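One structure is given here, and the rest of the page talks about it.
The values are calculated or read from the model by the stated rules, or taken from the named source; none is laboratory data. From a predicted model like this one, the values you see are computed outputs, not experimental measurements. Virtual Cβ from ideal backbone geometry, glycine too; neighbours counted across all protein chains shown. To get the accessible areas, we keep the full protein, side chains included, count just its heavy atoms, and leave off ligands, DNA and RNA. Shrake-Rupley method; radii C 1.70, N 1.55, O 1.52, S 1.80 Å.
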Amino acid sequence: MIGGGSVGKRHARNLAAEGCDIALVEPREDRRAELAGGMRLVGNHATLEAGIAARRYDGAVIASPPSFHLVQGQACLAARLPLFLEKPVCPRLADAQALKIAAATSGTPLLLGYTWRWWPPFQSVRRHLAAQTIGTLRHVKFTLAAHLADWHPYERYQDFFMASTALGGGALLDESHWIDLLLWFFGPPRDVMARVEKISDLDIDTDDNVDLLIGYDSGLRISMHLDLYGRPHEKFVQFSGEKGTMRWSEVPNEVAIWTTDSNAWSREAFECQRNDMFVGAIREFLSLLSGRSGPLTCTLDDGIAVLRVAEAARLSHAQGRRVALQDVS
Ligand SMILES: NC(=O)c1ccc[n+]([C@@H]2O[C@H](COP(=O)([O-])OP(=O)(O)OC[C@H]3O[C@@H](n4cnc5c(N)ncnc54)[C@H](O)[C@@H]3O)[C@@H](O)[C@H]2O)c1
């Protein structure tokens, strides 16, 4: 486990529950002591070099801030360690492409952690989209609003990597989960028009407000809003089709559908808990380590596609124009 912060601890607990032995790499002494106090560790190292040298492993999980993902990913792949890599792949598209070269050279499998793909309600949404339950789709509105100061009550948000551009924080990169879902549902768009900016009073040097207008050749139009200041936190996606509307929400945990045929809302309610998507992802990683073949739920290429949209968004904001995806390489 490389990185013993919020998600690293979660993955470590989930892997231990699946019967794995865990060794930790974490530069902060207090975090190393905290993890060692809460679970059995077979190694506890301040650097990745020391961790890799200490013993043989079946695989590695990278759960450090995004600016370390390239160098740490390259080191693990060079050591032929199958990787579970937390999202985003890297802060920049070019770095993600460099990691792809390392993965191809190593031939080692890599599963990417856009974990909402393992969230049963979104799997249901995807089935409804494929079945055209609400007819030809015209517009989708994605919203993810979450005030940064509420994320980790145990630390100052200014000290969290999310506050720092140098470490790979900010709404565009961190909330790129929603860009990934867009691509998972509809594939790559034609163009993007964007604002990627800092507009709140948060004491951070990253973007905290992202608005994207996205167009597809099919005529489908998307609006996406991501922010780090919204209270109460809100996550929803609303799909408008010729024959109705489908709305996914985190709270309530449901997929609601209205169609012209029914002229009423039907609601599919879910009992799943947030940790379930992480368990789903980690179980898929373990099956990969056991030699499972076949398509992966989330790949390095999927993460590169997300960063291409993010790069188009940055360019659009900087130049005040609509940017075609095919012009971003
Ligand atoms: N899939 C998801 O839903 C999800 C959820 C949370 C976080 N994440 C991703 O996981 C990563 C970590 O996020 P977090 O919320 O756990 O952050 P965090 O700040 O809580 O934890 C990061 C940890 O990495 C450690 N670290 C810093 N430099 C390191 C290095 N060189 N090597 C190893 N560890 C290092 C930090 O000390 C810290 O303990 C980010 O990429 C984030 O986007 C994904």
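Residue 189 satisfies every condition listed in (1) out of contact with any Ser or Thr (no Cβ under 9 Å at 6 or more places or on another chain); (2) buried (at least 17 other Cβ atoms within 10 Å of the Cβ); (3) under 20 Å from residue 124 (Cα atoms) except (3). Does residue 158 fit the bill of being closer than 20 Å to residue 5 by Cβ, in the same structural domain as residue 321 (by TED's automatic domain parsing) and of a type outside the set (Asp, Glu)? For residue 158, the condition - closer than 20 Å to residue 5 by Cβ, in the same structural domain as residue 321 (by TED's automatic domain parsing) and of a type outside the set (Asp, Glu) - is met. Within region 285-313, the residues that satisfy the criterion of being within 20 Å of residue 96 (Cα to Cα) and among the aliphatic types (A, V, I, L, M) are 296, 300, 304, 305, 306, 307, 309, 310, 312, 313.
Within region 90-110, the set of residues being within 15 Å of the ligand (Cβ to nearest atom), hydrophobic (A, V, I, L, M, F, W, C) and over 12 Å from the mean Cα position of the chain (by Cα) comprises 96, 99, 110. Looking at 36, 78, 60, just one residue is more than 26 Å from residue 100 (Cβ to Cβ), modelled with pLDDT of 95 or more, of a type in the set (Gly, Ala, Ser) and more than 8 Å from the ligand (Cβ to nearest atom), and that residue is 36. If I filter region 250-266 for residues that are in a loop (DSSP other than H, G, I, E, B), over 19 Å from the mean Cα position of the chain (by Cα), assigned by TED's automatic domain parsing to the domain that holds residue 127 and acidic (Asp, Glu), do I get at least one hit? Scanning region 250-266, I find at least one residue that is in a loop (DSSP other than H, G, I, E, B), over 19 Å from the mean Cα position of the chain (by Cα), assigned by TED's automatic domain parsing to the domain that holds residue 127 and acidic (Asp, Glu), so the answer is yes. Pairing residues of region 64-75 that are more than 13 Å from residue 164 (Cβ to Cβ) with residues that are in a loop (DSSP other than H, G, I, E, B) and more than 7 Å from the ligand (Cβ to nearest atom), at Cβ distances under 7 Å and at least 6 apart in sequence or on separate chains, gives 69/89; 69/90; 70/90. A single entry from 166, 146, 171 fulfils the requirement of being surrounded by fewer than 19 Cβ atoms within 10 Å (Cβ to Cβ) and of a type in the set (Gly, Ala, Ser): 166. Of the residues making up region 152-162, those that are free of Cβ contacts under 8 Å to residues at least 12 places away in the same chain and either within 11 Å of the ligand (Cβ to nearest atom) or of a type outside the set (D, E, K, R) (or both) are 153, 154, 155, 159.
Taking region 7-20 as the range and being under 13 Å from residue 61 (Cβ atoms) and either within 13 Å of the ligand (Cβ to nearest atom) or open to solvent by 20 Å² or more (accessible area, probe 1.4 Å) (or both) as the test, the residues that pass are 7, 8, 9, 10, 11, 12, 13, 14, 16, 18, 20. Being assigned by TED's automatic domain parsing to the domain that holds residue 136, more than 27 Å from residue 195 (Cα to Cα) and open to solvent by 30 Å² or more (accessible area, probe 1.4 Å): is that true of residue 311 here? The answer is no for residue 311.
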